[in-house]
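Below is one structure, written out as structure tokens, with a few remarks after it.
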Amino acid sequence: MPHSNIVPAQDRPDPRSLAKDLNAYTSPNRARSVWELAITLVPFMATFAAMLFAVEAGYYSGLALTPIAGMLLLRLFIIQHDCGHGSYFKKKSWNRWLGRAMGTLTLTPYDCWQRSHALHHANTGNLDARGFGDVDTLTVREYSQLGWGNKLLYRLYRHPAILMGLGPAYLFLVRHRLPIGLMREGWKYWISAMGTNLVTAAILIALTIVFGLFATLIVFLPVLLTAASVGVWLFYVQHQFEHAYWERKKGWSFHEAAMGSSSYLALPGILRWFTGNIGIHHVHHLASRIPFYRLPDVLKSHPELQTFNRLSATDAVRSMVLTLWDEESGRLVSFREAKRARA
């Protein structure tokens, strides 16, 4: 059974009071933001270029740099993510245009993603408002009422090989090419998707002219998919753990859900850097205007948050077997547990 660190109710911080306290951390530092962008973007471009030159010259050992380039691309996505929350710079226009620029590298149309992600934040943990920016999650009852074909589809969808392999590839290479879910919401989202596609295509065409199609694809695709798979895994474990908060709309509370449905993934220092502290997700959901580089400061000043919904990397891997929400026990369970409970 995956472990989830449960803090006794009397020792849990009050999310409403805490949200007010965290306003002190929501002011971005322009110099720090520029620095974080520089120490991410420059190494990414240098690593990516080194790989292209190596492969084009026949030194395929250069592909060994794929994990580093992929994790740097993931960190650029975290910067894009902060722009979407208006937390990276004080000026809205700076956030907007930097986010759009990063989207051409991460293959994520900024305006489309910002809209769906805002809906995710607004409805996380609400059983009656699932489907926006979430990993699809059925309750035990809903799953039991499906026909065998739909049960099979759901099992396939929740399989780690699909969620962390084919799923990210489909999401970033196919789904993001159109404003899926926002097609009737106005031209803004079509312009975002098509504009991102055009700029990304121009970059790839330029690289193809210089390095050739084979070298460009054999470098670009593994780097992108590394970032995509790790990113999807992070998003998964931040909300899919045994004692996550899920409630029907009638009893749902935004502040309770913000903290209760989000984990604190305690990672080693180097991984915290590459992932932009996104593992401190319970704080991020409670106060999304905090820049990623200030999240560790919150943990230092509020040590009680270091144990709330805390997951180790091992816990996070083990949580992959949890697939259904059991409304009776108030926890996420595996297919096997659900079957055993019905027997």
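Below, the figures for the structure above:
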| item | result |
| --- | --- |
| Portion, in percent, of the accessible area of the chain that falls on carbon or sulfur, probe 1.4 Å | 63 percent |
| Gyration tensor (Cα) of the stretch 210-287, equivalent ellipsoid semi-axes in angstrom | 35, 15, 10 |
| Cα-derived Rg over Rh, computed across the stretch 48-117 with Rh taken as Kirkwood radius | 1.14 |
| Longest to shortest principal axis, alpha-carbon extents of the chain, angstrom | 61, 51, 43 |
| Net charge over other residues, Cβ less than 15 angstrom from the Cβ of L234 (K, R count +1; D, E count -1) | -1 |
| Helix axis angle, 66-84 relative to the chain longest principal axis, alpha carbon, degrees | 70 degrees |
| Rounded accessible area per residue of the chain, 1.4 Å, Å² | 49 Å² |
| For the stretch 184-343, diffusion coefficient by Stokes-Einstein and Kirkwood Rh (Cα), 4 °C, 1.567 mPa s, µm²/s | 69 µm²/s |
| Hull shadow area, averaged, the stretch 51-171 [alpha-carbon convex hull, nm²] | 10.4 nm² |
| Helix 148-158 vs. the chain, principal-axis angle (Cα, 0 to 90°, nearest 10) | 60 degrees |
| Net +/- balance of residues flanking T106 in space, Cβ distance below 12 Å, scoring K and R +1, D and E -1 | +2 |
| Zero-based 10 Å bins, Cα pair distances in the stretch 134-231, whole percents | 13, 30, 31, 19, 6, 1 |
| Theoretical ellipticity at 222 nm over the chain - DSSP helices of four or more residues, -39500 (n - 2.57) apiece, nearest 500 | -17500 deg cm²/dmol |
| In sequence order, calculated HN-Hα J values of the stretch 283-297 (Karplus, 6.51, -1.76, 1.60; Hz; x Gly/Pro) | 6, 4, 5, 6, 9, 6, 8, 7, x, 4, 6, 9, 4, x, 5 |
| Per-selection Kirkwood Rh - the stretch 265-315 (Cα, Å, 1 d.p.) | 11.1 Å |
| Rounded tilt (10° steps) of 187-211 against the dominant C-alpha axis of the chain | 50 degrees |
| Cut-off under 5 Å, modelled amide H: who pairs with R331 long-range | D326 |
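The values are calculated or read from the model by the stated rules, or taken from the named source; none is laboratory data. No experiment lies behind these values; they were computed from the predicted model shown. Don't worry about glycine lacking a Cβ; one is built from the backbone with ideal geometry, like all the others, and counts go over all protein chains shown. The protein model used for the area step is the full one, side chains on, heavy atoms only, and it has no ligands, DNA or RNA in it. Shrake-Rupley method; radii C 1.70, N 1.55, O 1.52, S 1.80 Å.
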